[in-house]
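Written below as structure tokens is the structure these notes are about.
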Amino acid sequence: LKPRRFYDLVIEVAIVRPGPIQGDMVHPYLRRREGKEIVTYPRPAREHPQDELEAILRKTLGVPLFQEQAMRIAIDAAKFSDNDADGLRRSMATFRHYGTVGEYGVKFVEGMVARGYDPQFAQRCFQQIEGFGSYGFPESHAISFALLVYASAYVKWARPDVFLLSLLNS
């Protein structure tokens, strides 16, 4: 990734996890970041807001990497009810509900298709979200971890003796 700014660390923390790896999110993101793949945002039928996915996925180059993005897609693009969206969130957020994300697949895909999204795109989008499984990662957690990454890298660079000692102590 070669991070150049703090938010790049946030992405890095979020993307190197089982969910994004299983959901085939890593390589599309990297290709788009390197300019090898064009960032596109599929659009619904004309009677619906044309920029709804772009608004949700702009900062991650069209690839859903965070739990909040999956929820926004379900609510905005698939028109999930509050109860269904909460159920999807719960299925992504806890090990007790491991494997239950798939229960929302038909509703998700049908909701997007009914609004004019391409069926193959809707299916692929849900497969990415399903890759979250019990590994759904909120953006706020990624930001917190990225701060720890930054601080650790700084201490390793500025005070390698202190860094080594802290590793030994832990």
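Between S166 and A55, the simple spin-label model (points 7 angstrom out along Cα→Cβ) gives 4.0 nm. Remark: the chain carries 59 Å² of accessible area per residue (probe radius 1.4 Å; ligands, DNA and RNA excluded). Express the carbon and sulfur contribution to the solvent-accessible surface of the stretch 100-170 as a percent, rounded to the nearest whole number, probe 1.4 angstrom. Result for the stretch 100-170: 62 percent of the exposed heavy-atom area is carbon or sulfur.
Helix 6-15 and the longest principal axis of the Cα set of the chain meet at an angle near 70°.
The count of lysine pairs in the chain whose Cα atoms are under 27 Å apart, excluding pairs fewer than 8 places apart on the same chain, comes to 7.
For the stretch 1-96, rounded, prolate or oblate, judged on the Cα gyration tensor with a ≥ b ≥ c (square roots of eigenvalues), a/c < 1.5 rounded, else prolate if a/b > b/c? Because a/c hits 1.5 or more and a/b fails to exceed b/c, the stretch 1-96 counts as oblate. When Rg and the Kirkwood radius Rh are both evaluated on Cα atoms of the chain, their ratio Rg/Rh stands at 1.05.
The values are calculated or read from the model by the stated rules, or taken from the named source; none is laboratory data. All values derive from a computational prediction rather than experimental measurement. In this analysis, Cβ positions are derived from the backbone assuming ideal geometry, glycine residues included, and neighbour counts consider all displayed protein chains. Note: areas computed on protein heavy atoms with side chains; ligands, DNA, RNA excluded. Shrake-Rupley method; radii C 1.70, N 1.55, O 1.52, S 1.80 Å.
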